[in-house]
1. Summing +1 for each Lys or Arg and -1 for each Asp or Glu, what net charge is found among the other residues whose Cβ lies under 12 Å from the Cβ of ALA179?
2. How do ASP237, ASP322 rank when sorted from fewest to most other Cβ atoms within 10 Å of their own Cβ?
3. At R0 = 25 Å, how high is the FRET efficiency between ALA287 and HIS328 if r is their beta carbon distance? Nearest 0.05 is fine.
4. If the label point is 7 Å along Cα→Cβ of MET87, which residues in the stretch 54-77 have backbone nitrogen under 13 Å from it?
5. By how many nm would the segment from LEU72 to LEU123 grow when fully extended, if each residue of separation counts as 0.36 nm and the alpha-carbon distance is taken off?
6. With r as the distance between the Cβ atoms of ILE35 and ASP175 and R0 = 41 Å, compute the FRET efficiency 1/(1 + (r/R0)^6) and round to 0.05.
7. At 7 Å along the Cα-to-beta-carbon direction for both PHE102 and ILE231, put a label point, then send me their distance in nm to one decimal.
8. Pop a pseudo-label 7 angstrom from the Cα along the beta-carbon direction at both VAL56 and ASN300 and give the gap in nm to one decimal.
Amino acid sequence: MASINQKSYPDSLPNFRNLGVILRILVIVNVIGFIAAMLRSPTWFGVIQEFTEIAVITQPILLINLLLLYGLYKPLSRLSYAVGIFMVFVLELILATVMYWFSGMASDNLEAGMIFRYWVLCLTVTGVLLAYFNLRSRALSPAFTEARLQALQSRIRPHFLFNCINAVLSLIRADPKRAEHALEDMADLFRVLMADNRQLSPLQQEIKLCRQYLQLEQLRLGERLKVEWHIDNLPSDALIPPLVLQPLLENAVYHGIEPIVGTGIININIYKSRDEVHLVLRNPFQAEGKHHSGNKMALNNIRERLALHFDAESRLENRVSDGVYQVHIIIPFVTTV
């Protein structure tokens, strides 16, 4: 039987419309230029002069490149990875050639060998950048962190499963309809957990999954668990990485509700502000509780998946204030992949 670990995250071009990707390109190209300047001059004053001369040539090409890739990202992203890489190299060669002719005509100095230097420099830098983004994507991909992702998913702990089954058994005679709904929720929940959750999915789907999970927890916790939803401004067409909110709710139940005596409230607030989607979750916090050591695994896994999909445009913040633990996730508003 094939293992799910054999599945690898598909290679894809970097999102040339992502602020983090653009900043990384700017930094890497300038670092390469600075290293080249250091190799060409033995003194710091000479390095600055060389770097300035390199920047005069590279910066206009770099900025035009970024604008071109920004505009062509959608059609490029629809191509296979190999074809997309080839098209990027072709675009870079064309742009380098055009810039060479313009600079040569402006200075009235068209050297036959200079065009090859432009091409070699352009192909080398482009290759370095594409290799870097590919390695980074693999390092952050669910395939690389699958062990941690599986550990995260296994937070549907055996005692949760057994308690749900016992709760369903107790309902079969007293309330068979509710027992049937509970079994359907369990089936849906585990179907999602076992699926290949590597692409963005509708926010509404995540909300539905969370409601099903909380309904199952309500079977065993009863009035001890109270959930407050604030989703009047929910961007229903937004896409988010799957299994972002549900593991946080599971942590909220396990670390926030189970250790306390009496009723505990989980507050969920999801809204859109400008071009960002905010997911805010609050639950009770007890410093002396025994369960809090497990929070970091879920948070670290979610951070990695947010970085994979949104790079620097996403944030995850967590804090404790006045006996309340809060997790605040901010991601860009995306409706199409």
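1. My count for the surroundings of ALA179 gives -1.
2. ASP322, ASP237
3. So, using R0 = 25 Å, E works out to roughly 0.80.
4. Residues 69-77 qualify, since their backbone N sits under 13 Å from the label point.
5. Value of the extension gain: 16.5 nm.
6. Using R0 = 41 Å, I get an efficiency of 0.05.
7. Roughly 4.9 nm, to one decimal.
8. With each label point 7 Å from Cα toward Cβ, the separation is 5.0 nm.
Bear in mind that the values in this text are calculations on the coordinates, not laboratory data. Keep in mind it's a predicted model, so treat the numbers as computed, not measured. Please note: Cβ atoms are built from the backbone with ideal geometry, for glycine as well, and neighbour counts cover all protein chains shown.
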